[in-house]
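First comes the structure, then the notes that go with it.
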Amino acid sequence: MERPELPLQQLHAFVVLAEELHFGRAATRLGIAQPPLSQQIRRLEDKVGHPLFSREPGRVTLTPAGRELLPAAQRALTDLTDGLAAARAVGSGQAGRLRIGFAASLALTVLPGLLRTFRERFPGVHLDIYEMTTAPQLAALHDKTIDIGLLREPPADETQLGFKTVLTEPFVAVLPSAHPLTAQRAVQVRQLADSPFVLLPRQVGPRLHDQIIGLCTASGFTPQVVQHAVEWQTVCALVETGLGVSLAPASIRRIRLRGVAFRRTEPSTARTRVAVAWRKSDQNPLVASLLAIVSQDPPDRH
């Protein structure tokens with residue numbers, strides 16, 4: 001980038017004098033004496049190569065060169081003022097852009113309240129929201145294509161990312177409405193042993209997938225997985241068709257499908273963790289602002 005030819009101090013002096021057309025009043029506005037103002041104007045005229053003002057006894061007017069320069073000078077000063085204000089707003093966390101990834105099921109629980117609170121406190125911030133499962137969120141955080149992640153079961157061995165738990169919830173059995181187990185208020189996990197399963201593929205959420213498989217293993221069986229689906233909405237839709245059953249975080253009950261029933265599971269001690277994730281090295285003040293909201297106003301835990 002080329003160095004600006006005209007110093008901003010001289011442009012400022014020029015604009016003020018062009019508005020006042022009086023050296024005394026212009027000097028007063030600038031908070032300087034008249035001789036330094038005259039020097040600034042003469043230096044600017046030397047750079048332009050032409051007089052910018054016509055000086056006559058008791059009268060100062062713009063020359064054609066001055067009239068041509070004035071709009072550009074005013075725009076330059078306005079742009080600088082606006083840019084400084086924008087930079088200060090971004091630097092203080094009052095403006096800018098925050099990119100958030102979220103697991104689809106969290107649109108039913110954590111996400112709405114968190115975004116509503118953030119927008120109320122930081123209306124000048126633009127939010128980019130991306131729906132993605134846990135593994136893609138982790139990759140996007142490392143690639144710096146998102147700033148914040150809302151995900152399930154974060155990895156235990158991650159060193160570059162920080163995680164803060166915002167919610168824990170138990171598991172429920174997801175059943176076709178005609179399934180015999182819907183007659184019960186609670187389902188023993190072992191009672192699902194003879195049913196085919198619909199589950200998320202392991203690659204989109206390894207720890208949650210392993211946790212569900214672990215619940216089945218602890219109950220004495222390995223689930224027969226007949227179909228995978230990337231989103232819980234799709235899992236529920238496939239269960240509705242009678243393709244199989246599933247085990248899912250309790251918030252999935254908010255997905256309303258006429259042909260699907262949800263039942264609490266026993267043993268009920270297992271819980272899945274929802275966390276906010278961020279890069280530990282991120283200096284973006286908006287990240288710190290969102291984390292502060294999570295700390296001050298945590299979502300209700302089930």
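The values are calculated or read from the model by the stated rules, or taken from the named source; none is laboratory data. Note that the coordinates shown come from a computational prediction; the quantities given were computed from them, not determined experimentally. Neighbour counts are summed over all protein chains in view; Cβ atoms, including those assigned to glycine, are modelled from backbone coordinates with ideal geometry.
Considering only the range 229-236, I want to know if a residue exists there that is among the polar types (S, T, N, Q) and without any contact (Cβ under 8 Å) to a residue 12 or more places away in the chain. So far as the range 229-236 goes, yes, one or more of its residues are among the polar types (S, T, N, Q) and without any contact (Cβ under 8 Å) to a residue 12 or more places away in the chain.
Please return the ranges of strands (runs of 3 or more DSSP E) entirely within the range 237-290 where 3 or more residues are of a type in the set (A, V, I, L, M, F, W, C). So that I can check it myself, show each step before the final result.
Details: elements: 246-249, 260-266, 271-279.
Per the criteria, 260-266, 271-279.
Residue under question is Thr241, and the condition is that it be in the same structural domain as Ala183 (by TED's automatic domain parsing) and surrounded by 18 or more Cβ atoms within 10 Å (Cβ to Cβ); does it hold? No: the conditions fail for Thr241. Among the residues of the range 206-224 satisfying the criterion of being without any contact (Cβ under 8 Å) to a residue 40 or more places away in the chain and surrounded by 16 or more Cβ atoms within 10 Å (Cβ to Cβ), which is farthest from Ala135 (Cα to Cα)? Selected residue: Ser219.
Do we have Gln160 as in contact with a Lys or Arg (Cβ under 8 Å, 6 or more places away or on another chain), farther than 20 Å from Val235 by Cβ and among the polar types (S, T, N, Q) here? Here the answer is yes, as Gln160 does meet what is asked. Going through the range 203-238 one residue at a time, which ones are acidic (Asp, Glu) and either outside the structural domain of Val189 (by TED's automatic domain parsing) or within 15 Å of Ala270 (Cβ to Cβ) (or both)? Asp210 - this is the single residue of the range 203-238 that is acidic (Asp, Glu) and either outside the structural domain of Val189 (by TED's automatic domain parsing) or within 15 Å of Ala270 (Cβ to Cβ) (or both).
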